[in-house]
Each structure stands twice: as structure tokens, then as C-alpha cells.
Amino acid sequence: MSLETAVSRSTASDGSTTSPDELLDTVRAAETVLTGRFGAAVRLADPEDLGGSGRAAVVRVRVAETPFTMPKTLVIKRYPQAEGAPAGGAFAREAASLQLLTALPVESWVGPELVGQDPAERLVILEDFGRASTLADVLRADDTRAAENTLLAWARTLGRLHTSTAGREADFDALHRRLGGRDDGHPVAEEAAEAVREMPVLLRALHEEAVPDAVLSAVDDAARLFSSNRYRAFSTSDISPDNSVVTGHGVRFLDFESGCVRDIALDAVSLLVPFASCACALGVPEEIGEAMLATWRSEITSVWPELDQDEILLPRLFQAQLVWAWIATWRVLSGSDRSMAAMSSETEGGDPMLRYLDVIDQWERLASDSGVAEPLAEFADVTADALRAHFGLSGQRLPLYPAFH
């Protein structure tokens, strides 16, 4: 079967949003990149459109012809050049992230191996994890023991990501610039700054009174985690269950289009507040969160031994918890197109009410945590009640993932 016929069948049978011409062009470009890298013709076949993230086309292909030992299948990810967008953009972050992580010793790998990349074509060619389950699949199933073990493996992988990339910020920045990336701010950090500016007005309307100065000061301090220089390592910026694949070598992360180097607390808080930075979380039993934190700590204290002390680590996690709760609340109250799209596409089951309950749950956690200062705890309690009234969710609680029912 010709590649053209295979492409036509693939896009006709799976409801693909990638046109046949785009799919064929992506596969041909990948063949050229691989042939140039290996110095001999590489032919790819049987393309399968995997859908992508909205910004990139993602295609699985079979390696049909090569004089070298190569995997049987590969994944191609190609970014369009949006009109008016920066030259590097998401592609530059993805490719720089994958280069950084693939250069690590094999035992430290936490993502797919980068097989090839081309800035001109804006594509990366990756190791294929096949039909492996994601962490989301495991959490949505009914095997509690499997879910517990996978969450601990996820925490271990997060710790390895942080320890193996500590001190590598200059390397990432150099790779990012070489691929056309610009040093004009990270999208998530910019979103945090926007939330810090706009939330006081939104909360005044919600509470019918001004946000206390002590709370605004605490939020300003928490937002500085995005620029903190103390405990920095690489982050995918999107460690959601859907982007975490369960392999024979442990959990591996996917999707690095927002990759950056930042304070590790912004990731680590998701061990205690399930996936605090994404719009997709249900609940996890508290004791499992504690075990996840202990697992992550066992990895990172070889680099940052002082973080084994609660008095040093926990205040940073409280700050991360506050800034993610602030951003999440801004997303649901602002009603922006970006926020509503994120809720409808990422929330578990597509139900925005679960997203609202997730936001409320974050404030209730802040209100009940003994490590949170009293003015902030009181404000968190009032905010949770106000959000319940605003969304008509009195008495409802964020459910646990099905694996823990």
C-alpha cells in the first residue's frame, strides 16, 4: 500500500482533524530528517493520526525500511507556524526539553527518547510508548492497589526529573535559544502575573468586600516562586495524569511544549493537592498523598538535603498551593475563552462542575491546613463558601478518582 493511500485511509477512518495533505507532508518531512541523520534512506509507513494537543499534529508511523537497527514504530510531532506567533514558540520549548532530557544517562530518562528534530520543519521524532496506559487510565479504573503503586511511581519519576536537571538551567536556555526560543517570559508565569493583577477585582465582586492586605501580600510572595532562584529544576509545566504514561521502566512524562526551569515546589505541591496546576483533578486519599510526598523527598534530598525538614519544605508548598488556587479561581471567574476552553477540554469527563469543585477543594484545603496563617485561612474558608454559593454547589464535595471508590 502506498503512503498516500495509507494516509487517506487513516484520516477517513478516525475522524482526524489533520488533513491528508498535512499528514502526508509531516511523514515525508520526518523521512527526510531521519535519512539526513542516519545517512541512508529511511521509509515510514502506516501513519496513524494520534490527534495532538490542538497546537501540533501527532502521528504514529511504522519504520518500514532502514539499514539500521531502529524501533518498529515512532511518533512524529509537528507544530504549525501560527501567523504572528514567535518563531520558536512551543516547538522550541518541546525540542529543547527533549534534547536536555535525552542527553541524561539512560537510567535518568523520564520522557521519550528524542530520535530526531528539525527547526525548519518544526518537528520532533520520538520514541513510541505504544498503547501504554496513562496515569489517568489507571486512576479511572477500579484497581486500588495498581493506582496506589502508579502514583508512587509517578512521584518517584517527578523526583528523578528534579534531581537530574538541577543545575542545568543554562543548558536548557542555550538549547532553547538555539532553536529560536525567546527569553520573553513563560506563558504560565505570565498567566500567574495576570491572575495576581485581576483577581482582587473578581474577588471583591464575589465577596462584596475588598481582599485583605495580608492576603494580597501572601499572594505576591507566593507568585515569586515563578522567579525564585533557590530550588530550581526542569518542569514540563503540565504533569497531568493524561501526560503521564505507565511503561515497563516506570512512569514517563509526555508533552514538553511548555517546558521550562522553575521552582520545584510548583510541581511538588501536586503530591499533596492532586495535580494542583491542571484543570483535571479528582481526589486522592490523604494518606496516599503523604506517601507520594515521602517518595519524592527520598529522591530529591540527595541534591537538596535541607528539604527533608518540614520547616523548610512545607512553607514553600503552602505558597505553591496558594498561587495555584489563585490562578485556578481566576480561570473560572474570569470567563475568558482560554479558561473556558481549558475547563471543557481538560476537566475529568468534560464536566465543568467538577472543575468548580476542584477549585473549592483547593481553598478548603488552605482553610484547614495548620501551616497556613490565620488571616489567610479565614479568607480561604470564606472564599470556598462564596464559590459554593456562586456555582450552586452547596453540600457537594470533590469525588475521589474511581480507583479509590
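For this structure, a couple of remarks:
- All positions within region 35-71 that are modelled with pLDDT under 95, basic (K, R) and either buried (at least 17 other Cβ atoms within 10 Å of the Cβ) or closer than 30 Å to S240 by Cβ (or both): R55
- Qualifying residue in region 250-263 (condition: surrounded by fewer than 20 Cβ atoms within 10 Å (Cβ to Cβ), out of contact with any strand residue (DSSP E or B) (no Cβ under 9 Å at 6 or more places or on another chain) and of a type in the set (G, A, S)): yes
- Test: residue in region 218-237 that is surrounded by fewer than 16 Cβ atoms within 10 Å (Cβ to Cβ), free of Cβ contacts under 8 Å to residues at least 60 places away in the same chain, among the acidic types (D, E) and assigned by TED's automatic domain parsing to the domain that holds V303: yes
- Test result for G181, under 30 Å from L366 (Cβ atoms), crowded, with 21+ Cβ neighbours inside 10 Å and of a type in the set (G, A, S): no
- In the set A155, A141, only one residue is in contact with a Leu (Cβ under 9 Å, 6 or more places away or on another chain), in contact (Cβ under 8 Å) with a residue 40 or more places away in the chain and either surrounded by 15 or more Cβ atoms within 10 Å (Cβ to Cβ) or not assigned by TED's automatic domain parsing to the domain that holds L100 (or both); that residue is A155.
- Screening N149 on (1) touching a residue at least 60 places away in the same chain (Cβ under 8 Å); (2) surrounded by fewer than 23 Cβ atoms within 10 Å (Cβ to Cβ); (3) in the same structural domain as A265 (by TED's automatic domain parsing) shows it passes everything except condition (1).
- Looking across region 160-178 at every residue that is aliphatic (A, V, I, L, M) and more than 18 Å from S227 (Cβ to Cβ), the one that is surrounded by the most Cβ atoms within 10 Å (Cβ to Cβ) is identified as L161.
- Residues that are assigned to a loop (DSSP other than H, G, I, E, B) and either among the charged types (D, E, K, R) or in contact (Cβ under 8 Å) with a residue 24 or more places away in the chain (or both) within region 55-77 comprise R55, A56, T66, P67, F68, M70, P71, K72, listed in sequence order.
- Each residue in region 389-405 was checked for being part of a loop (DSSP other than H, G, I, E, B), more than 27 Å from the chain's Cα centre (by Cα) and not aliphatic (A, V, I, L, M), and 4 pass.
The values are calculated or read from the model by the stated rules, or taken from the named source; none is laboratory data. As the structure is a computational prediction, the values presented were derived from the model and not from experiment. Cβ: placed from backbone, ideal geometry, glycine included. Neighbour counts: every protein chain shown.
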